[in-house]
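Read through the structure below, which is laid out as structure tokens, and then see the notes.
The values are calculated or read from the model by the stated rules, or taken from the named source; none is laboratory data. It should be emphasised that the depicted structure is a prediction, and the values quoted were computed from it without experimental measurement. Methodologically, a virtual Cβ is constructed for each residue, glycine included, from the backbone with ideal geometry; neighbour enumeration extends over all protein chains shown. Just the protein is used for accessible areas: all its heavy atoms, side chains included, with ligands, DNA and RNA removed. Shrake-Rupley method; radii C 1.70, N 1.55, O 1.52, S 1.80 Å.
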Amino acid sequence: MLLALDYDETYTRDPIFWDMVIELAKKRGHTFICATMRHEHEGQEIIQDLQHKVEKIIFTGRKAKFAFVNEAGYYPSIWIDDMPHFLFQGG
């Protein structure tokens, strides 16, 4: 199973919790990516926090996440996002 995790106000609300969830998912054979609407040049802390925990960090540059992530070749089974409307609309 591929899970897409938002960063701002999702991962950042409880990083210790999400680190535990990511680790458990990996142990069970699942994969996490991070999908954020930030531009890559705004993402230094995301890279620092998640680069060794998730398979890929995808910066959409304020574009809708669903299509952008799919175009990057990832097809999450589950999306975890505090603002799910941004899956289908840009910011």
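Please build a GNM for the chain, connecting alpha carbons under 10 Å apart, and tell me which residue among E40, E71, E55 fluctuates the most.
Among E40, E71, E55, the largest mean-square fluctuation in the Gaussian network model of the chain belongs to E71.
Kindly report the accessible area of the chain per residue (heavy atoms of protein chains, probe 1.4 Å, no ligands, DNA or RNA), in Å².
Ligands and nucleic acids excluded, the result is 60 Å² per residue.
Given the Cα atoms of the chain, and with Rh set as the inverse mean 1/r over their pairs in the Kirkwood sense, what is Rg to Rh to two decimals?
Working: Rg = 12.0 Å, Rh = 12.9 Å.
Rounded to two decimals, Rg/Rh equals 0.93.
I'd like the Karplus ³J(HN,Hα) series for the stretch 34-39: coefficients 6.51, -1.76, 1.60, θ = phi - 60°, whole numbers in Hz, and an x wherever there's a Gly or Pro.
Listing the rounded values in order: 10, 10, 10, 7, 5, 7 Hz.
Apply the Karplus parameterisation 6.51 cos²θ - 1.76 cosθ + 1.60, with θ equal to phi minus 60°, to every residue of the stretch 74-79 and state each ³J(HN,Hα) to the nearest whole Hz, in sequence, with x for glycine and proline.
With coefficients 6.51, -1.76 and 1.60, one gets 10, 10, x, 7, 9, 10 Hz.
Run through the chain and list the trypsin sites (Lys or Arg not before Pro) located in a DSSP loop whose Cβ has at most 10 other Cβ atoms within 10 Å.
Details: sites: R13, K26, K27, R28, R38, K53, K56, R62, K63, K65; in loops: R28, R38, K53, K56, R62, K63.
Sparse-neighbourhood loop trypsin sites (Lys or Arg not before Pro): R28.
Please get the size of the charge dipole for the chain, origin at its Cα centre, with Cβ charges of +1 on Lys and Arg and -1 on Asp and Glu, quoted in debye to the nearest 20. Intermediate values should be presented prior to the final figure.
Numbers: 10 positive and 14 negative charges, 68 e Å.
Approximately 320 debye in magnitude.
To the nearest 10 square angstrom, how much accessible area does H39 have with a 1.4 angstrom probe?
70 Å²
Using a Cα-Cα cut-off of under 13 Å, which aspartates and glutamates could be cross-linked to K53, ignoring same-chain neighbours fewer than 8 residues away?
Of all the aspartates and glutamates, those that pass the test against K53 - Cα under 13 Å, at least 8 places apart if same chain - are D19, E23.
Per the 1.4 Å probe, what fraction of the accessible area of the chain, in percent, lies on carbon and sulfur atoms?
Numbers: 2910 of 5430 Å².
Its accessible area is 54 percent carbon and sulfur atoms.
For the Cα atoms of the chain, what angle does the longest principal axis make with the long axis of helix 15-27, in degrees from 0 to 90, nearest 10?
That works out to roughly 70 degrees.
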